[in-house]
Structures are given as C-alpha cells and as structure tokens.
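Presented below is the structure to which this report refers.
The values are calculated or read from the model by the stated rules, or taken from the named source; none is laboratory data. Just so you know, these numbers come straight off a predicted model, no measurement behind them. Cβ: placed from backbone, ideal geometry, glycine included. Neighbour counts: every protein chain shown. Side chains included, ligands, DNA and RNA excluded: accessible areas come from the protein's heavy atoms. Shrake-Rupley method; radii C 1.70, N 1.55, O 1.52, S 1.80 Å.
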Amino acid sequence: METLFWICLITGALYALFSLLFGDLLGDVLGGIDLPGFDLFKPVILAAAVTLFGGAGIMLIRYSSFAPFAVTLLALLIAVVGGMFVFFVYVKPMEHSEVSTSYSIQEMIGRIGEVTIPIPQVGYGEVMIKLTGGNTLHIAYSFDRCAIAAGMRVVIVEEKEGTLGISLLEDAL
C-alpha cells in the first residue's frame, strides 16, 4: 500500500513541477481549452488531491498505528478536503479575476489614430485608435478647424467631455 502512496505523491509533485514550468505554454498551444464537466474535477484540483492522498498515506502509515484500510480512508478524506480547499480558496476566486484591457480616455492624448468618418471644419467625425486589446472608435473634432478626410492619420491633441480633438499627422519624409 505504501507503494501506491509513493506513486501518488511523486506523480502529483511531477505534475505540479511540469505545470509550473510548461503550463502557460501548454495553455497557449491548446488555446485555453476548458474541459466540460463539474468544476471540482479540474486538473489542478485532481493533482492536488492525488498529491495529498499520497503524502497523507505515507505519513499515516509511518507515524500512526491505524490499519491499512483506515489509513486509506483517512488519506482519501484528507485528499477530498484538501481538493475542496484548493477549489474554494484558489480556483473559484481566480475564475472571476481577469486581465484588464480598460483604458482612460485621457490616455488617448498623444496617440496616433486613423479617421474612419470624415471630420468637417466645424463638426464631428470618428477616429479609430489601435490599443493592445484591439481597436477603439471615438467621436472626434478637428483641433485645427480644418476638414480631415477618412483614412488620414491623425494625432490626438486633447479630450473635452469624452470627445477627442485631433490634428492631421504630418509624416516626416
């Protein structure tokens, strides 16, 4: 029985090491596949439970006088409780965390954009600005009070009440 516990402990430890070193790479290759099924059966929880089962079994065999059947049941109980602990303390809270792609409109000042809807001398059009998370479109007006055609590259000069003041970008030759 001790051999089974050692196999579980070593397998769980190797899985933890492998996922630490190659987890992000493997997740990128698989495209962030989320396996269907109950959340308690996620690989990280199963690996923690297997490791705890092995470690608890070894400790109980060596340092207690329980019968092998009782040691197995106690190790299994410890594994289930530990797996639930990992689920509720680590996995569940992390499901609601995210990398923010938000931005402040004030951060747009100084950025380069492209006019998507022509901007008249006096009036409004639209400008597209490329950000890390994709493109964003904003209402814009001509800061210099000159008409700007669609497709022109512009620089954001100011922001007033959620509207961007833009100026034609003069590329150096």
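Brief remarks on what is shown
- Considering the conditions (1) at pLDDT 95 or above; (2) open to solvent by 90 Å² or more (accessible area, probe 1.4 Å), residue 130 is excluded by exactly one of them, (1).
- Restricting attention to region 39-49, the residues being β-branched (Val, Ile, Thr) and open to solvent by 60 Å² or more (accessible area, probe 1.4 Å) number 1.
- Condition check for residue 18: at pLDDT 80 or above and not in a helix (DSSP H, G or I): no
- Across region 68-98, the number of residues qualifying as open to solvent by 60 Å² or more (accessible area, probe 1.4 Å) and either hydroxyl-bearing (Ser, Thr, Tyr) or not in a helix (DSSP H, G or I) (or both) comes to 4.
- Taken over region 111-127, the criterion of being touching a residue at least 40 places away in the same chain (Cβ under 8 Å), under 12 Å from residue 156 (Cβ atoms) and open to solvent by less than 70 Å² (accessible area, probe 1.4 Å) is satisfied by 113, 115.
- Matching residues in region 142-173 - criterion: being open to solvent by less than 40 Å² (accessible area, probe 1.4 Å) and touching a strand residue (DSSP E or B) at 6+ places or on another chain (Cβ under 6 Å): 142, 148, 154, 155, 156, 163, 164, 165, 166, 167
- Hey, residue 47 of a type in the set (Gly, Ala, Ser), touching a Gly at 6+ places or on another chain (Cβ under 9 Å) and more than 17 Å from residue 3 (Cα to Cα) or not: yes
- Residue list for region 57-67, filter: open to solvent by less than 40 Å² (accessible area, probe 1.4 Å), more than 25 Å from residue 41 (Cα to Cα) and part of a helix (DSSP H, G or I): 60
- Count of region 99-110 residues which are at pLDDT 75 or above and open to solvent by 80 Å² or more (accessible area, probe 1.4 Å): 3
- Condition met for residue 127 (assigned to a loop (DSSP other than H, G, I, E, B) and within 30 Å of residue 165 (Cα to Cα)): no
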